[in-house]
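Participant: I have a structure here, written as structure tokens, and I will follow up with some questions on it.
The values are calculated or read from the model by the stated rules, or taken from the named source; none is laboratory data. Quick caveat: nothing in here was measured; it's all calculated off a predicted structure. We place every Cβ from the backbone using ideal geometry, glycine too, and count neighbours over all the protein chains shown. SASA here: full protein model, heavy atoms, side chains in, ligands and nucleic acids out. Shrake-Rupley method; radii C 1.70, N 1.55, O 1.52, S 1.80 Å.
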2 protein chains.
Amino acid sequence: MSVLKLDECRERIRKELDDVVNFWLKYSHDTEHGGFFTCIGRDGTVYDELKYVWLQGRQVWMYCRLYRTMERFHKPEILEAAKTGGEFLRRFARVSGGGSSSSSSSSGGQWKCAFCLTRDGKAVKIQRTIFSECFYVMAMDELSRVTGDKDMQLEAEQMMEQLVYWVRVDGSGLGRPRLPGDVPANSMAVPMMLLCLVQQLTEGRGPEVAQRYRELGSWCVQQILQHIQRDGTAILENVSLDAAELPGCQGRQQNPGHALEAGWFLLQYSAEWGDKELQKTAIDKFVELPYRCGWDKEHGGLFYFLDVDGHCPTQLEWNMKLWWPHCEALIAFLMAYSQTKKPELLDRFSQVYKYTFSHFPDAQSGEWFGYLTQDGKVALDFKGGPFKGFFHVPRCLYMCERILDDLLASEN
Amino acid sequence: MSVLKLDECRERIRKELDDVVNFWLKYSHDTEHGGFFTCIGRDGTVYDELKYVWLQGRQVWMYCRLYRTMERFHKPEILEAAKTGGEFLRRFARVSGGGSSSSSSSSGGQWKCAFCLTRDGKAVKIQRTIFSECFYVMAMDELSRVTGDKDMQLEAEQMMEQLVYWVRVDGSGLGRPRLPGDVPANSMAVPMMLLCLVQQLTEGRGPEVAQRYRELGSWCVQQILQHIQRDGTAILENVSLDAAELPGCQGRQQNPGHALEAGWFLLQYSAEWGDKELQKTAIDKFVELPYRCGWDKEHGGLFYFLDVDGHCPTQLEWNMKLWWPHCEALIAFLMAYSQTKKPELLDRFSQVYKYTFSHFPDAQSGEWFGYLTQDGKVALDFKGGPFKGFFHVPRCLYMCERILDDLLASEN
């Protein structure tokens with residue numbers, strides 16, 4: 001890709017980001033009850049009024065990040081949308097451990113966030129995992145940065161403390177019964193998510209805050225690196241607490257998109273701390289390796305799940321092409337290139353870019369399709385669903401635009 | 001389909017049943033720890049040692065049913081396999097409500113069954129639903145019929161009492177927190193499953209037992225009929241407790257294979273009680289209608305999930321062709337034909353038969369593939385997995401063979 005093409009690529013990405021933001025501004029806001037509709041059909045129609053909490057938190061975060069860091073999105077309507085989304089979350093997302101009220105007293109001071117709410121904010125479902133709470137932290141911290149609300153920032157930090165307690169001290173507050181056959185495992189999602197939050201909470205807040213989260217960040221990195229298995233030839237999604245391979249499908253599971261996402265989290269961390277060795281590991285093991293294992297040589301695109309020994313995964317969607325692994329791959333390769341200037345990394349970016357932009361964007365109604373068959377046909381045509389909201393697409397476009405800005409500026 | 005062809009069809013089905021039974025006898029038995037491996041690859045290799053409880057119970061049931069009712073399967077090795085499977089289930093499947101031991105005292109006398117066990121029987125996961133317990137009842141009742149073990153039969157009946165309590169009186173023992181937005185619903189799986197168990201527990205046990213379960217059976221039928229919605233033009237999978245349509249995706253969801261399975265359960269019930277009106281409703285609404293809505297006119301085969309208003313379902317696998325809806329459709333159409341002799345029902349059977357036998361059986365390694373893409377290619381090539389065991393395929397072949405026996409005998 002020549003300099004000229006990088007420039008064209010940036011223009012395409014910039015335009016795409018504008019369009020995607022407009023799509024969600026136009027179709028997702030619930031002006032009656034607050035918060036965001038997340039189930040949005042191909043043409044923008046709301047096909048279900050349920051409000052998924054991961055996606056509420058992510059949308060608040062994304063609006064604030066765009067408002068705070070990109071001049072063309074520093075607009076009152078975006079700030080207003082973020083604030084009303086944040087109010088909806090604060091008012092309705094938190095339920096006590098028992099799930100029945102907004103008081104934390106009945107569960108020993110522990111807060112759970114619901115996974116899904118009715119349109120008017122009643123809890124429908126609680127997951128026994130940490131992720132709703134993680135996206136709550138992301139939203140509150142970023143929102144506090146644009147509003148200057150110190151209470152909100154404190155609330156984000158308090159929820160973060162609880163997350164760390166669940167993960168590192170005692171997870172019984174999550175509500176899963178302890179079963180003798182359910183051996184605790186290191187699932188890559190957990191340290192990845194916490195590392196992401198460490199970066200969120202510390203960014204630009206100075207050395208005192210950085211120091212406070214330093215040990216946690218380092219722990220997250222070590223936990224992620226434990227997923228390098230089989231003499232460095234595979235990233236496995238779940239490993240034992242002492243970094244050994246687990247038996248069965250769980251142990252052999254690979255999720256290339258997830259590994260690529262971990263890759264760029266590690267690259268950010270390595271840049272922040274000037275850790276060249278970690279940078280090399282991140283690129284070799286979490287960017288290039290998942291691409292080599294996960295790219296479909298026949299049809300193109302990244303598989304969703306694979307089994308490291310070549311067994312058929314048991315997930316029915318294993319061979320589908322999802323939007324988000326491609327978003328993560330774009331960020332990972334472009335960031336890796338920008339840090340190293342190795343041309344082969346730009347070639348990979350270019351390859352993923354071509355597949356992504358020729359398959360996922362919907363030229364007819366805007367935004368991106370999320371779910372393709374193995375051979376690249378649209379399998380589910382909605383723009384928002386229980387797990388697809390205003391997040392992976394705009395975060396990818398935002399990150400890539402900024403990296404391209406830097407690359408193009410340094411080349412001129 | 002002429003008489004000759006029905007005869008050919010029976011031969012194919014009989015041979016297929018023999019092959020499928022042999023596949024599971026050969027590859028699924030754990031001679032070391034008891035019970036059955038359920039994750040079995042294309043060629044018979046065990047790719048995961050986890051033992052899924054639904055599938056343990058179903059395999060015990062199927063072995064016993066074949067042993068008890070078909071002369072060529074009345075063999076010691078099948079009885080022995082069923083008994084060791086039953087022992088494994090009795091010993092390990094039940095966990096207390098808290099999940100930590102086999103004592104029921106800590107949960108007020110309530111038993112839960114695990115969803116998944118390690119190879120040596122340690123609980124890995126408990127679902128907050130009734131289905132593990134349902135398949136436990138099926139297994140124990142059928143096993144007690146071949147062994148004459150009255151304690152086992154009593155145990156099945158006691159577990160059944162508890163199931164009915166959870167469903168009709170108080171479901172809090174299942175462990176789901178009550179959430180204000182989680183409105184109780186009538187999910188078709190529940191009354192279907194209980195009706196199946198009523199038929200299991202009463203079959204051939206005389207009028208006293210039939211009387212004991214009569215009200216429950218009738219209640220199940222009424223609950224199933226409430227899923228006829230939209231002026232009789234659709235079967236919806238979830239309805240409100242007062243038989244109204246629910247909002248959103250949950251309310252619009254259709255599962256044609258499930259409706260067809262309900263269809264033949266209702267046909268059995270209508271035959272038992274001589275209810276001609278129910279027979280007509282079962283055929284019109286639960287056999288012909290789901291076929292018309294659910295058959296893929298472009299590629300053939302039954303869709304897994306559909307939305308009654310034509311929105312895209314949010315289940316990633318919605319357009320895949322699964323083995324079990326086709327198994328249920330074969331039983332439903334053949335039973336409907338055998339009860340009515342309407343030729344159009346035999347035509348439908350023939351159409352489903354052709355699709356099924358040209359797509360699912362694996363000519364190379366035996367048994368059936370379970371999961372095809374929309375256009376009929378094998379998407380997952382294993383023979384057993386977390387939800388596919390020794391059940392839908394052999395039950396379908398068994399039921400069809402018996403119905404064809406009767407049809408051919410009456411035509412001669």
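Participant: If all Cα-Cα distances of the protein assembly as shown are sorted into 10 Å bins from 0 onward, what percent lands in each bin, rounded to whole numbers?
Facilitator: For the protein assembly as shown, the pair-distance distribution reads 2, 12, 21, 25, 20, 12, 6, 2, 0, 0.
Participant: With n ≥ 4 as the cut-off for DSSP H runs, can you work out [θ] at 222 nm for chain B, using -39500 (n - 2.57) per run divided by the number of residues, rounded to the nearest 500?
Facilitator: Helix-only estimate at 222 nm: -17500 deg cm²/dmol.
Participant: Apply the membrane-span-like helix rule to chain B: whole DSSP H runs, Cα extent along the own long axis of at least 15 Å, mean Kyte-Doolittle hydropathy at least -0.5. List the helices found.
Facilitator: Counting only whole DSSP H runs, the qualifying helices are B:53-69, B:76-92, B:131-147, B:189-202, B:214-225, B:256-273, B:323-340, B:392-411.
Participant: Compute all pairwise cysteine Cβ distances in chain B, then list the cysteines with no distance under 4.7 Å to another cysteine.
Facilitator: B:Cys9, B:Cys39, B:Cys64, B:Cys113, B:Cys116, B:Cys134, B:Cys196, B:Cys220, B:Cys249, B:Cys293, B:Cys312, B:Cys400, each lacking another Cys Cβ under 4.7 Å.
Participant: What is the local net charge at A:Ser350, summed over the other residues whose Cβ is closer than 11 Å to its Cβ (Lys, Arg +1; Asp, Glu -1)?
Facilitator: Charge balance in the 11 Å sphere: +1.
Participant: Give the relative contact order (percent, whole number) for region A:30-175; include only Cα pairs under 8 Å separated by 6+ residues.
Facilitator: Value for region A:30-175: 22 percent.
Participant: Oh, and also: Could you compute how fast chain B diffuses translationally, taking Rh as the Kirkwood radius over C-alpha pairs and applying Stokes-Einstein at 20 °C with viscosity 1.002 mPa s? Give it in µm² per second.
Facilitator: 98 µm²/s
Participant: Give me the percent of accessible area attributable to carbon and sulfur for region B:185-381, probe 1.4 angstrom.
Facilitator: Looking at region B:185-381 in its full context, I get 50 percent from C and S.
Participant: Pick out which of A:Leu225, A:Leu174, A:Leu241 has the largest mean-square fluctuation in a Gaussian network model of chain A, springs linking Cα atoms closer than 10 Å.
Facilitator: A:Leu241
Participant: Related question: If each of B:Asp231 and B:His74 carries a label point 7 Å out from its Cα toward its Cβ, how far apart are those two points in nm?
Facilitator: Distance between label points: 5.5 nm.
Participant: In whole percent, what relative contact order does chain B give with Cα contacts below 8 Å and a gap of six or more residues?
Facilitator: That works out to 17 percent.
Participant: Could you give me the percent of Cα pairs per 10 Å distance bin for region B:285-412, shortest bin first, beginning at zero and ending with the bin that holds the maximum distance?
Facilitator: Per 10 Å bin, starting at zero, the Cα-Cα P(r) for region B:285-412 comes out as 12, 42, 33, 11, 1 percent.
Participant: Continuing with this model, one more query. Which residue fluctuates most in the GNM of chain A (Cα springs below 10 Å): A:Ala189, A:Ala262, A:Ala82?
Facilitator: A:Ala189
Participant: Considering chain A as a Gaussian network with a 10 Å cut-off on Cα pairs, which listed residue, A:Gly57, A:Gly41, A:Gly310, attains the greatest mean-square fluctuation?
Facilitator: Of A:Gly57, A:Gly41, A:Gly310, the Gaussian network model singles out A:Gly310 as fluctuating most.
Participant: Sticking with this structure for a sec: Accessible area lost on pairing B with A, both sides, 1.4 Å probe, Å² to nearest 100?
Facilitator: What B and A bury together is about 3000 Å².
Participant: Please give the FRET efficiency for A:Lys341 paired with A:Glu215, using the beta carbon to beta carbon distance and R0 = 30 Å, rounded to the nearest 0.05.
Facilitator: 0.40
Participant: Could you do me a favour and compute the accessible area per residue for region B:264-412, 1.4 Å probe, result in Å²?
Facilitator: 35 Å²
Participant: I would also like to ask the following. Given just the C-alpha atoms of region A:30-175, how large is their convex hull per residue in cubic angstrom?
Facilitator: Spelled out: Cα convex hull of region A:30-175, divided by residues, is 113 Å³.
Participant: Would you mind computing, in nm to one decimal, how far apart the modelled labels at A:Asp149 and B:Arg12 are, each placed 7 Å from Cα along Cα→Cβ?
Facilitator: Distance between the two pseudo-spin positions: 6.6 nm.
Participant: Also: Can you list the residues of region A:160-198 that have at least 50 square angstrom less accessible area with all protein chains present than in their chain by itself, probe 1.4 Å?
Facilitator: Correct list: A:Leu179, A:Pro180, A:Gly181.
Participant: From Cα pairs below 8 angstrom and at least 6 apart in sequence, can you work out the relative contact order of region A:186-381, rounded to a whole percent?
Facilitator: 17 percent
Participant: With the solvent-accessible surface defined on protein heavy atoms using a 1.4 Å probe, which residues belonging to region B:287-323 display a reduction of at least 50 Å² in accessible area in the multichain context relative to the isolated chain?
Facilitator: Correct list: B:Cys312, B:Thr314, B:Leu316.
Participant: Quickly work out the A:Asp375-to-B:Lys297 label distance, labels modelled 7 Å from Cα along the C-beta direction, and quote it in nm with one decimal.
Facilitator: 2.2 nm
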